[in-house]
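Structure first, commentary second.
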Amino acid sequence: MAEERAARVAVDDNAMEREGDAAELEEGEIQDDESLEESSTANEGGLAAIQPHPLEHSWTFWFDNPSAKSRQATWGSSIRPIYTFSTVEDFWSLYNNIHHPSNLLVGADFYCFKHKIEPKWEDPVCANGGKWTISCARGKSDTFWLYTLLAMIGEQFDYGDEICGAVVNVRGKQERIALWTKNAGNEASQLSIGRQWKEFLDYKETIGFIFHEDAKKSDRPKNRYTI
Ligand code: MGP
């Protein structure tokens, strides 16, 4: 089920299949454009028959604008929820109409978290969690960011329930993406998530996992796990 959903997420926003045809597809198979056209022409109901494809979870995009951030009195007070989506189609309409990391201003932070989880250590779901982080040169994280979003919302992680969300930080010399998880102390699930994330992104560098608890106490927290 998760694989089928992931495959559907990976199709572009025009690739919406009729429910009847979906039943005939093998698991993970994607209907090609030609048969899609034929099936929609043959379908008397036309667009009316196309149903949105629900995601397992609803997700919220959040944004922290660098100028608002520089004026904030307490950390996090300028982070704003932008939009919540819960279908494949909604995700693509949003994704195709928002700036990708390479087009965001230096200092910006863009988040995608499960609905109702705030992207803060203080959120009760995040409180005992931590994060894996990758980094790349300025302007180079767009594909990593898209693949991270697809893996999360398409439920491609074996320990998907452990995931809170992801954030991309746009900085002067580099862009960083962090994947936030719930139970930092659960080593097996964190290692599985980190390994799978690297595989999905084909990311070859070593990555580290930091506990939020450590980040609260120190400006330079040590990695608890590395892979
Ligand atoms: P950070 O997440 O280590 O790096 O946070 P950032 O924001 O990418 O740093 P930059 O230098 O690249 O801009 C840096 C600091 O922000 C932390 O030491 C905290 O003081 C504060 N901070 C970050 N987060 C994620 C939180 C949070 O969730 N809650 C609170 N209260 N402070 C936070």
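Rule-based calculations on the coordinates, nothing more; no lab input. The shown structure was predicted, so the numbers you read here are calculated from the model rather than taken from an experiment. Ideal geometry is used to build each Cβ from the backbone, glycine not excepted, and the neighbour counts take in all protein chains shown.
Annotations
- Loop sites in the range 64-144: chymotrypsin sites (Phe, Trp or Tyr not before Pro), DSSP, at most 16 other Cβ within 10 Å: Trp75
- Solution diffusion estimate, µm²/s, Stokes-Einstein, the range 105-224, Kirkwood Rh from C-alpha pairs, 10 °C, viscosity 1.306 mPa s: 111 µm²/s
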